[in-house]
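Below: one structure, written as structure tokens.
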Amino acid sequence: MKIALGAAKGLEYLHEKANPPVIFRDLKSSNILLDEDYGAKLSDFGLAKLGPVGDELHVSPRVMGTYGYCAPEYARTGQLILKSDVYSYGVVLLELITGRRAIDTTRPTDEQNLVTWAQPKFKDQKRYRELVDPLLRGEYAERGLNQAVAVAAMCLQEEAEVRPFMTDVVAALSHLTAASTDSEGSIERKVDGEGKRDEKMDGDRQRAVAEAMDWGSEFKARSGEPP
């Protein structure tokens, strides 16, 4: 989750703080570098483009990027927008959750494409446990899993306009990560008298995830409004 949050913050900076904004265009696991403390840094900006200004759109005559990570609207039409990066991020987050590769031809045919394999499970929270990396051996917080999968599912929406902004993703993952680890990555041990603090953190975390998901639902209801 620390890696997921670090990568999300990198994209948030490119999308929300850089002026003009930058579309990374080739976010994938191999383009995320880690330091000795698992701090994540984005690397390889060879395919990055400055984001469109105003009502302009980027339309690429030749689709670039890596198969398995490209957003459907970009692969289909060449239309490149900030939300294309959000989709790619969703694939990376799903890789972290499952321990699987975006494309793995060594698996059975119906499991080779990670997103295609996972999407039916997004519809039923009881099936979320089927997505968990088996190397965890069941040692994970179910609530944390549910919220992480919910964020990944929102990022992987087929329609670009209902995906969250990276700011929403960072807010959700910040609370999710803070609730399970301290600043040095070790598991937090709560002492007596901090029960209220735990409850508040859980509430904040749930609200952050809910806000990221509600954004998509509310936007979808406003037919015709641009992203």
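Around the amide H of Val22, modelled in the peptide plane, lie the amide H atoms of His15, Gly51, all under 5 Å away and 5 or more residues distant in sequence or on another chain. Each residue of the range 147-153 is assigned a 3J(HN,Hα), and the resulting list reads 6, 5, 5, 4, 5, 4, 4 Hz, derived from the Karplus form 6.51 cos²θ - 1.76 cosθ + 1.60 (θ = phi - 60°), x at Gly and Pro. By other beta-carbon atoms within 10 Å, ranking Val115, Val86 with the fewest at the front produces Val115, Val86.
Each residue, Glu161 and Lys17, gets one label point 7 Å from its Cα in the Cβ direction; the gap between the two is 3.0 nm. Each of Tyr74, Tyr140, Tyr67, Tyr89 was scored by other Cβ atoms within 10 Å of its Cβ. Arranged with the fewest first, they read Tyr67, Tyr140, Tyr74, Tyr89. Counted by neighbouring Cβ atoms within 10 Å, the residues Ser88, Ser43, Ser174 run from fewest to most as Ser43, Ser174, Ser88. Given a Förster distance of 22 angstrom, what is the FRET efficiency for Asp35 paired with Arg101, based on the Cβ-Cβ distance and rounded to 0.05? Efficiency, from the Cβ-Cβ distance: 0.45.
Each reported figure results from applying straightforward, stated rules to the coordinates on display, with no laboratory input. Treat the numbers as computed from the prediction; the structure is a model and nothing was measured. Cβ sites come from the backbone with ideal geometry, for glycine too, and all protein chains shown count toward neighbours.
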